[in-house]
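The values are calculated or read from the model by the stated rules, or taken from the named source; none is laboratory data. Values in this document were obtained by computation on a predicted structure and should not be read as measured data. When we count neighbours, we look across all protein chains shown, and the Cβ atoms used for this are built from the backbone with ideal geometry, even at glycine.
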Amino acid sequence: MGRPGKYGFTSAAERSGAIVVLLVLIELVDQLLKVGLDRFGIVPWTSSGLLGVIFAPLLHGGFGHLTANVGPLFVLLMILFWNQRYYPERTILLIWILSGIGTWLIGRQDAVHIGASSIVFGLVSYLIVAAIWMACWRALFFSIVVFLLFGGLFYGLFQIEQGVSWEGHLSGAIAGFWVAWINHKR
């Protein structure tokens, strides 16, 4: 079992679960009340679209979209929150902001970019790359697990199709790599 306290297994599960529950509640409100929250997503190169840098990972285009994100997100957040050497709070914040800014800069201007997949791609990239610089067996073990479970996601970097924000995926992966370098290469 993990260590008790802020970085134990139970704490990691609670924190990861709370984020997933928040995403589900937001989608429920959006679907039940027909609020149209996706308008708060990232709209590249617009001042109003900058709000999406903050809100886009919380918003999804339906329960199918949400379901595709919450499973991987929960597992990746569990790994992140379980080890304080990942600097989990700083890491998630930087990946969130940097992937959003990247999407705002390179995203298709005729689309609203939403979903937590940029965070998922960022965390996959981060956990794999951070292990290289951390020189820690536990991190290396988890990087192998992450690669085996989610390495195929990188195929999504090249999925250029209507309704899929490859720009968000790419921005997330780059952000994860960069945050790993910031946190561990020094």
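Are any of the residues in the range 153-161 touching a His at 6+ places or on another chain (Cβ under 9 Å), closer than 22 Å to Gly36 by Cβ and of a type in the set (S, T, N, Q)? No, the range 153-161 has no match at all.
Kindly indicate whether any position in the range 69-78 is of a type in the set (Val, Ile, Thr) and either surrounded by 13 or more Cβ atoms within 10 Å (Cβ to Cβ) or part of a helix (DSSP H, G or I) (or both). Give the steps one after another, and end with the answer.
Initially, the range 69-78 is screened for residues of a type in the set (Val, Ile, Thr), giving 70, 75.
Narrowing further to those that are either surrounded by 13 or more Cβ atoms within 10 Å (Cβ to Cβ) or part of a helix (DSSP H, G or I) (or both): 70, 75.
Yes: one or more hits.
When Thr91, Thr46 are screened for being within 17 Å of the chain's Cα centre (by Cα) and either surrounded by 14 or more Cβ atoms within 10 Å (Cβ to Cβ) or part of a loop (DSSP other than H, G, I, E, B) (or both), only Thr91 passes. Checking each residue in the range 133-174 for being hydrophobic (A, V, I, L, M, F, W, C), within 14 Å of the chain's Cα centre (by Cα) and at pLDDT 85 or above picks out Val146, Phe150, Trp166, Leu170, Ala173, Ile174.
Each row is one residue, and each column tells you yes or no for (1) closer than 25 Å to Val43 by Cα; (2) buried (at least 21 other Cβ atoms within 10 Å of the Cβ); (3) in contact with a Cys (Cβ under 8 Å, 6 or more places away or on another chain); (4) not small (Gly, Ala, Ser).
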| site | (1), (2), (3), (4) |
| --- | --- |
| Val124 | yes, yes, no, yes |
| Ala131 | no, yes, no, no |
| Ile144 | no, no, no, yes |
| Phe147 | no, no, no, yes |
| Tyr155 | yes, no, no, yes |
| Gly163 | yes, no, no, no |
| Trp166 | yes, no, no, yes |
| Ile174 | yes, no, no, yes |
| Trp181 | no, no, no, yes |
